[in-house]
Amino acid sequence: MDRWNLEQGHSSYSDDSSNSSTSLEDPVGAETWPDAATQAQSQGSSRARLVRVGSNRARTVSDGVFLASRRRTEDTFRGFAFDDSYRISMEFPQEQEGSKKIITETDLKEAFSEKDDHPRRLPRFSSLRKRTRGVKCSGNYVVSKFPVCDWLPKYNWRKFGARDVVVGITLAFVIAPKAMAHALLAELPPIYGVYTAFFSTLIYGIMGTSKWLSVGTAALPALLFGEALLGTGLSEDEFTRVGPMLTLYVALATAAMGLLRLDRLLRFISPVALSAFTTTAAFLIGTTQMKFMFGLNIKVSGFVQTYVEIFKNIKDTNLATFGLGIASIAFLFTSKILTRKYGSKYKVPDPGALLLVLVSVGLVKLLDLDSKYGVDVVGTTPSGFPSFRSPWESVSSSSVHTKLIVDALLIAAINYILAMAIAKSFAEKCNKVLNTSQELLALSCANLAGSFFGSFVAGGSFSGSALISAFNASSLIHNFVNSMVMMCILLWLTPVIELLPKVTLAAIILVALPKLVDFKRPAYLFKVKGDDFVVWVLTFIVTLLTGVQWGIICGTIFSLFTLLYRVANARVTEVGCLPGTSIYRALSRFPDAKRLDKVRMLRLDSSINFANAHDFESKLTAALLSCREKPKSSKKKRKVFDKLKAKFAKLRKQKVKSDSSVQDSSSQSNELSSLPLQNGLEDDANASQFCFIISCEAVNDVDSAALAVLMKFSKLCSDHGFKLLFSGFKANVRETLLNARCQYEASNNDKSDDKELPAVIDGTKWFLNLHDAATRAQREKSHRVLATDAGNVLVMV
């Protein structure tokens with residue numbers, strides 16, 4: 001950490017370091033320049049030089065206010081910013097001066113220029129049209145939409161080719177069984193999972209930008225897809241015709257989010273609601289697979305309804321199917337443990353799912369489990385590449401289209417959130433920036449192409465992405481290798497798929513569910529943030545009882561209600577000064593904090609808008625009216641005050657003839673009048689001495705309703721004779737207030753010029769910080785100041 005050396009003695013610095021003086025005596029070291037300045041002033045030095053070690057430039061200001069550079073940097077102290085290339089020299093004000101210069105926002109604007117962060121000038125449509133036409137006609141536009149045209153010609157096959165091919169083959173054999181299992185979640189035959197994996201990996205390899213993201217089938221989007229198909233009321237035989245249409249609607253919804261930038265609306269789905277939804281979805285996914293584990297033919301859906309039907313038909317359980325399912329789960333858990341223990345050293349992926357598929361197919365073939373023991377298998381599967389067909393030709397009912405469109409919007413939103421969360425998590429580990437707009441386009445095109453070949457919705461796969469990261473793939477070549485392996489499965493391995501037991505696929509899904517369950521999150525929220533915990537619990541319960549669609553909708557509504565409550569909650573806190581410091585804290589939380597005499601300091605702890613403007617107005621008005629009331633005081637203090645008041649009245653009535661007696665009486669009256677009036681013993685004649693200071697550091701924005709409240713409060717203070725000051729206005733708030741001032745002056749230009757501006761639009765009443773405003777208020781009082789910060793050097797931005 002840089003140290004600040006404050007060297008006492010008279011020294012004069014200029015911008016050129018070669019002209020600087022080097023006569024030093026008794027240097028003082030400190031970690032920060034305020035500490036060094038405090039040490040120098042405590043030693044009685046009236047002039048000093050503050051030097052940052054390693055700097056080579058300096059500037060001097062002789063009026064006690066020192067500056068370094070107009071450029072603002074991150075190294076700040078009380079609003080002042082300096083450049084690292086400057087060495088700062090300063091002069092302390094003399095002790096007898098006893099005051100420092102207070103800078104208002106108006107003074108600051110006159111001393112320095114301020115650039116508008118939000119220019120209002122918009123580009124002309126003609127120039128914008130020319131610019132857009134030039135971009136679309138250039139080759140850079142094609143490369144930006146098809147990144148494979150950029151990285152594939154530069155790919156180093158000798159260096160990375162073998163590794164990426166191994167990654168693609170390994171990934172294909174790992175995700176192929178899961179893709180078929182996810183097809184069961186989507187209420188489709190398992191072969192459709194292979195269709196989805198083939199087209200999604202191929203299209204994403206052409207248009208994707210993230211080499212870590214594995215695009216294919218995923219459990220949660222597949223569950224949403226299956227729930228949507230069940231909601232149409234059609235039979236299971238018709239799902240294969242309706243499914244591609246739903247995939248097409250999901251692709252169009254995803255593309256619309258990218259073109260219209262509607263993906264920003266997805267930010268209103270809070271991470272808390274999404275965590276609860278994901279955890280509940282794990283239970284729902286497991287529930288859908290229970291019928292395969294017990295070998296039962298159950299047509300109902302829903303968490304409660306499914307288990308009710310299972311218990312009703314528990315006597316019809318197929319013991320061979322149930323035994324095979326338990327053995328499959330045990331096999332997969334054993335494979336996970338062994339891979340974690342022995343395979344992590346050599347980065348060997350878990351082969352449990354692939355081995356389980358091969359072993360179960362072999363058992364069915366050798367023992368005739370399907371014909372002798374009634375084990376349900378995949379059955380007849382079309383071989384070869386899927387045929388091209390238009391999705392809309394198979395759906396003619398307008399009611400079905402309407403239902404599919406509504407469900408597609410929800411599926412597209414959840415699918416995009418999950419895919420981007422996976423991609424960003426792996427990109428952050430490698431310190432890379434993700435192109436979300438291009439990822440959105442690639443995801444929509446992958447689903448669009450798959451919809452014409454019978455695929456269901458594709459999304460991001462966390463297990464596949466983790467495998468890619470573990471093997472440290474260098475490019476998207478593995479996607480093309482993966483799609484080629486899927487094509488080989490479609491061409492030559494469909495007879496194997498026909499003998500695959502469905503209970504094996506169910507076991508693969510059940511073993512993967514613990515990754516989705518996160519009960520540590522609600523426990524953390526319960527200890528940290530109570531309202532977020534309530535949102536989590538409500539979303540969990542609603543999703544579990546009503547299904548995934550209503551669960552995510554209600555979870556988002558709960559989150560929005562929580563957000564609106566926080567925004568609409570007007571928080572006004574009265575603050576006081578900690579004795580001996582310039583620190584201001586809430587009186588309710590810090591018992592040592594004290595009010596300044598006849599100064600009421602209020603801190604606005606939230607932005608003001610139309611939702612909470614009325615509450616702000618009520619609280620500010622109540623604080624103002626409380627200053628005019630006479631609080632109860634102890635009898636002893638009131639007796640002392642009454643005696644002093646009576647004595648002062650008696651002295652004023654005496655007729656003093658000699659000059660000495662007049663002078664003596666005057667000194668006594670001054671002594672009595674200088675006593676601070678505390679504990680609310682002020683009367684209406686002294687009410688004008690009150691000053692209100694409103695700290696607005698936490699106010700990020702004000703709208704027209706908030707502006708009307710502040711104008712009304714300014715007028716109320718003026719009518720009661722109170723002085724009103726503000727501190728800590730931010731740039732966008734100042735811009736709004738200055739625009740309001742222009743309108744106010746324009747509407748009152750025909751009236752008298754001596755009319756005082758309301759304090760909220762008067763720049764001379766705006767201070768940089770609360771301490772400066774409190775110091776100004778105390779200096780304008782004739783009574784004693786309770787807390788001072790004398791000798792500190794003013795910091796000006």
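The values are calculated or read from the model by the stated rules, or taken from the named source; none is laboratory data. Worth saying up front: this structure is predicted, and the values here are computed from it rather than measured. FYI the Cβ positions are ideal-geometry reconstructions off the backbone, even for glycines, and counts take in every protein chain you see. For accessibility, only protein heavy atoms count, side chains too; no ligands or nucleic acids. Shrake-Rupley method; radii C 1.70, N 1.55, O 1.52, S 1.80 Å.
A few notes on this one:
- Residues in the range 423-443 that are in contact with a Ser or Thr (Cβ under 9 Å, 6 or more places away or on another chain) and open to solvent by 20 Å² or more (accessible area, probe 1.4 Å): Lys424, Ser425, Lys429, Cys430, Lys432, Leu434, Asn435, Leu441.
- Complete set of residues in the range 557-576 that are crowded, with 20+ Cβ neighbours inside 10 Å and either touching a Leu at 6+ places or on another chain (Cβ under 6 Å) or among the polar types (S, T, N, Q) (or both): Phe558, Ser559, Gly576
- Among the conditions (1) surrounded by fewer than 24 Cβ atoms within 10 Å (Cβ to Cβ); (2) touching a residue at least 40 places away in the same chain (Cβ under 8 Å), the only one that Cys488 does not satisfy is (2).
- Phe456 satisfies every condition listed in (1) over 26 Å from the mean Cα position of the chain (by Cα); (2) crowded, with 20+ Cβ neighbours inside 10 Å; (3) farther than 27 Å from Trp550 by Cα except (3).
- Selection from the range 711-735 of residues that are in a helix (DSSP H, G or I), within 32 Å of the chain's Cα centre (by Cα) and closer than 20 Å to Ile693 by Cβ: Val733, Arg734
- Flag for Gly233 being assigned to a helix (DSSP H, G or I), surrounded by fewer than 24 Cβ atoms within 10 Å (Cβ to Cβ) and among the small types (Gly, Ala, Ser): no
- Extreme residue, farthest from Arg776 (Cα to Cα), among residues of the range 690-730 that are surrounded by 16 or more Cβ atoms within 10 Å (Cβ to Cβ) and touching an Asp or Glu at 6+ places or on another chain (Cβ under 6 Å): Val709
- Hey, Lys336 touching a helix residue (DSSP H, G or I) at 6+ places or on another chain (Cβ under 8 Å), surrounded by fewer than 18 Cβ atoms within 10 Å (Cβ to Cβ) and at pLDDT 90 or above or not: yes
- Which numbered condition Val215 misses (of (1) open to solvent by less than 10 Å² (accessible area, probe 1.4 Å); (2) part of a helix (DSSP H, G or I)): (2)
- Taken over the range 339-357, the criterion of being open to solvent by 100 Å² or more (accessible area, probe 1.4 Å) and touching a Pro at 6+ places or on another chain (Cβ under 8 Å) is satisfied by no residue.
- The helices (runs of 4 or more DSSP H) found wholly in the range 342-437 and carrying at least 3 residues that are over 30 Å from Thr247 (Cβ atoms) and either within 35 Å of the chain's Cα centre (by Cα) or of a type outside the set (Asp, Glu) (or both) occupy 352-367, 369-372.
- Any pair with Cβ under 9 angstrom, 6 or more apart, that starts in the range 449-466 at a residue that is aliphatic (A, V, I, L, M) and ends at one that is in a strand (DSSP E or B): Ala458/Val215; Ala458/Gly216; Ala466/Ser214
- Among the residues making up the range 249-271, those that are open to solvent by 10 Å² or more (accessible area, probe 1.4 Å) and in contact with a Gly (Cβ under 9 Å, 6 or more places away or on another chain) are Ile269, Ser270.
- Filtered residues of the range 459-484 (kept if among the small types (Gly, Ala, Ser), in a helix (DSSP H, G or I), open to solvent by less than 20 Å² (accessible area, probe 1.4 Å) and at pLDDT below 90): Gly464, Ser465
- Verdict on Lys312 being exposed (fewer than 13 other Cβ atoms within 10 Å of the Cβ), more than 20 Å from Thr504 (Cα to Cα) and in contact with a helix residue (DSSP H, G or I) (Cβ under 7 Å, 6 or more places away or on another chain): no
- Test: residue in the range 308-320 that is modelled with pLDDT of 90 or more, closer than 16 Å to Pro514 by Cβ and out of contact with any Pro (no Cβ under 8 Å at 6 or more places or on another chain): no
- Unmet requirement for Leu563, which otherwise passes all of (1) within 30 Å of Ala706 (Cβ to Cβ); (2) assigned to a helix (DSSP H, G or I); (3) modelled with pLDDT of 90 or more: (3)
- Remark: pairs (first residue in the range 538-553, touching a residue at least 24 places away in the same chain (Cβ under 8 Å); second residue among the aromatic types (Phe, Trp, Tyr) and open to solvent by 70 Å² or more (accessible area, probe 1.4 Å); Cβ separation under 8 Å; 6+ apart in sequence or on different chains) = Thr543/Trp550; Leu544/Phe283.
- Among the residues of the range 606-615, the one identified as touching a helix residue (DSSP H, G or I) at 6+ places or on another chain (Cβ under 6 Å) and in a helix (DSSP H, G or I) is Ala613.
- Restricting attention to the range 519-549, the residues that are farther than 11 Å from Thr280 by Cβ and either open to solvent by 80 Å² or more (accessible area, probe 1.4 Å) or not in a helix (DSSP H, G or I) (or both) add up to 7.
- Residues that are modelled with pLDDT of 90 or more and not hydroxyl-bearing (Ser, Thr, Tyr) were ranked within the range 392-406; the one that is least open to solvent (accessible area, probe 1.4 Å) is Leu404.
- Flag if Ala186 is in contact with a strand residue (DSSP E or B) (Cβ under 7 Å, 6 or more places away or on another chain) and either surrounded by 24 or more Cβ atoms within 10 Å (Cβ to Cβ) or polar (S, T, N, Q) (or both): no
- Qualifying residue in the range 497-511 (condition: open to solvent by 50 Å² or more (accessible area, probe 1.4 Å), part of a helix (DSSP H, G or I) and closer than 20 Å to Ser425 by Cα): no
- Number of residues in the range 583-605 that are in a loop (DSSP other than H, G, I, E, B) and crowded, with 18+ Cβ neighbours inside 10 Å: the value is 4.
- Residue within the range 363-382 that is closer than 30 Å to Leu248 by Cβ and open to solvent by 90 Å² or more (accessible area, probe 1.4 Å) present: yes
- Taking the criterion of being open to solvent by 70 Å² or more (accessible area, probe 1.4 Å) and touching a Ser or Thr at 6+ places or on another chain (Cβ under 9 Å), the only residue of the range 236-248 that qualifies is Arg241.
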